[in-house]
Amino acid sequence: MSLPVKLFYLKTCPFCKKALRYIDEAKAAHPELAAVAIEMIEESEQPAVADSYDYYYVPTFYVNGVKVHEGGIYPDEVERILRQALGE
């Protein structure tokens, strides 16, 4: 069982599109990461939820309620976030 992960993003954000691709790639390359469920929150569609969290840039990841990444992201950072959710 993994820790809860929230991803705040915007459909139009190029960094968010990369983050989503990196998530898929990490889960494909490392099957153990597939167990990590990510709650996707599109901030323009759920502004009340987005406003209740403290961040400025997207994509922003929270693991177990703690902000662990904000802004542009690289594949190794996505893998680290997913592993953190697994408690590694």
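Coordinate-derived values only; no laboratory data. Since we're looking at a predicted model, the values are computed, not measured. Glycine gets a Cβ as well: all are built from the backbone with ideal geometry, and neighbour counts include every protein chain shown.
Pull out a ≥ b ≥ c, the square roots of the eigenvalues of the alpha-carbon gyration tensor of the range 1-65, then state rounded if a/c is under 1.5, prolate if not and a/b is larger than b/c, and oblate in the remaining case. Walk me through the numbers before you get to the answer.
On the way: a/c = 2.61, a/b = 1.44, b/c = 1.81.
Oblate, because a/c is 1.5 or more while a/b does not exceed b/c.
May I ask you to list the residues of the range 4-45 whose amide nitrogen lies under 15 Å from a point 7 Å from Cα along the Cα→beta-carbon direction of Glu70?
Within reach of a label on Glu70: 7-9.
Mind counting lysine pairs for me in the chain? Cα separation below 18 Å, and the two need to be 8 or more apart along the chain or on different chains.
The result is 6.
Taking the chain as the reference, fit the longest principal axis to its C-alpha atoms, fit the long axis of helix 14-29 to the helix C-alpha atoms, and give the angle between the two in degrees, 0 to 90, nearest 10.
The angle comes out at about 20 degrees.
On a 0 to 90 degree scale, rounded to 10, what angle separates helix 75-85 from the longest Cα axis of the chain?
Taking the Cα atoms of the chain, the angle to 75-85 is about 80 degrees.
Out of the DSSP beta bridges found with both residues in the chain, what percent are antiparallel (nearest 5)? Working shown, then result.
Numbers: 8 of 13 bridges.
That works out to approximately 60 percent antiparallel.
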